[in-house]
Amino acid sequence: MTAAPLASVLFVCVHNAGRSQMAAGFLNHLAGDRVEVRSAGSVPGDRVNPAAVEAMREVGVDISDQRPKVLTTEAVRASDYVITMGCGDACPVFPGKEYLDWALEDPAGQGVEAVRPIRDEIKGLVERLVAEIDAKREA
């Protein structure tokens with residue numbers, strides 16, 4: 001019998017093609033089934049940024065099968081954490097959710113060299129998030 005996830009997390013950026021996809025990939029990689037992971041965009045793109053896919057592949061995380069998804073009220077309602085990355089006020093706000101805004105450079109239109117530092121910053125933020133979720137479970 002599998003235990004229920006400790007938390008559910010929704011990552012939101014404008015196109016759901018770079019930052020939020022990398023964050024979701026890292027969270028899936030680092031937390032496994034301990035956390036339910038979603039990502040969405042306020043104005044989703046046509047595909048995940050190829051430079052983001054390549055940058056993640058370099059660190060052993062495959063996000064090549066992901067597709068941008070539209071942000072829905074249901075996804076926000078179903079999440080314990082809502083983490084925005086440059087999408088402004090597009091995200092609906094509900095009581096009882098933890099909202100975080102990660103100020104990250106947008107990798108859109110940039111090559112893999114420019115995406116690597118963004119990827120590394122996202123990894124550090126996700127590692128801190130996993131530690132926070134684990135600490136709340138142990139409290």
- May I ask you to verify whether GLU105 is open to solvent by 60 Å² or more (accessible area, probe 1.4 Å) and either assigned to a helix (DSSP H, G or I) or within 13 Å of ALA17 (Cβ to Cβ) (or both)? no
- Task: Test LEU10 against the stated conditions and say whether it is touching a strand residue (DSSP E or B) at 6+ places or on another chain (Cβ under 9 Å) and crowded, with 21+ Cβ neighbours inside 10 Å.
- Result: yes
- Quick check: is even one residue across region 116-131 open to solvent by less than 20 Å² (accessible area, probe 1.4 Å), touching an Asp or Glu at 6+ places or on another chain (Cβ under 6 Å) and not aliphatic (A, V, I, L, M)? no
- Message: Tally up the residues in region 25-56 that are among the small types (Gly, Ala, Ser), touching a strand residue (DSSP E or B) at 6+ places or on another chain (Cβ under 8 Å), open to solvent by less than 10 Å² (accessible area, probe 1.4 Å) and in contact (Cβ under 8 Å) with a residue 40 or more places away in the chain, please.
- Response: 2
- Task: Could you check GLY86 against (1) at pLDDT below 95; (2) within 14 Å of the chain's Cα centre (by Cα); (3) surrounded by fewer than 15 Cβ atoms within 10 Å (Cβ to Cβ); (4) not aliphatic (A, V, I, L, M) and say which number it fails?
- Result: (3)
- Note on the structure: Contact list, first residue from region 110-121 and more than 8 Å from ALA51 (Cα to Cα), second anywhere and open to solvent by 40 Å² or more (accessible area, probe 1.4 Å), beta-carbon distance below 6 Å, six or more apart or interchain, is ILE118/GLU105
- Tally time: how many residues in region 31-54 are more than 13 Å from the chain's Cα centre (by Cα) and assigned to a strand (DSSP E or B)? 0
- Note on the structure: LYS97: passes all of (1) at pLDDT 90 or above; (2) under 11 Å from LEU10 (Cβ atoms) but (1)
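Select from region 57-73 the residues that are among the β-branched types (Val, Ile, Thr) and either open to solvent by 30 Å² or more (accessible area, probe 1.4 Å) or touching a strand residue (DSSP E or B) at 6+ places or on another chain (Cβ under 6 Å) (or both) and list them in ascending order. Give the steps one after another, and end with the answer.
So the first thing to find is which residues in region 57-73 are among the β-branched types (Val, Ile, Thr), and the list is 59, 61, 63, 70, 72-73.
Correct list: VAL59, VAL70, THR72, THR73.
The values are calculated or read from the model by the stated rules, or taken from the named source; none is laboratory data. Note that the structure is a prediction, hence the values are computed from the model and not measured. Positions of Cβ are backbone-derived with ideal geometry, glycine not excepted, and every protein chain shown enters the neighbour counts. Side chains included, ligands, DNA and RNA excluded: accessible areas come from the protein's heavy atoms. Shrake-Rupley method; radii C 1.70, N 1.55, O 1.52, S 1.80 Å.
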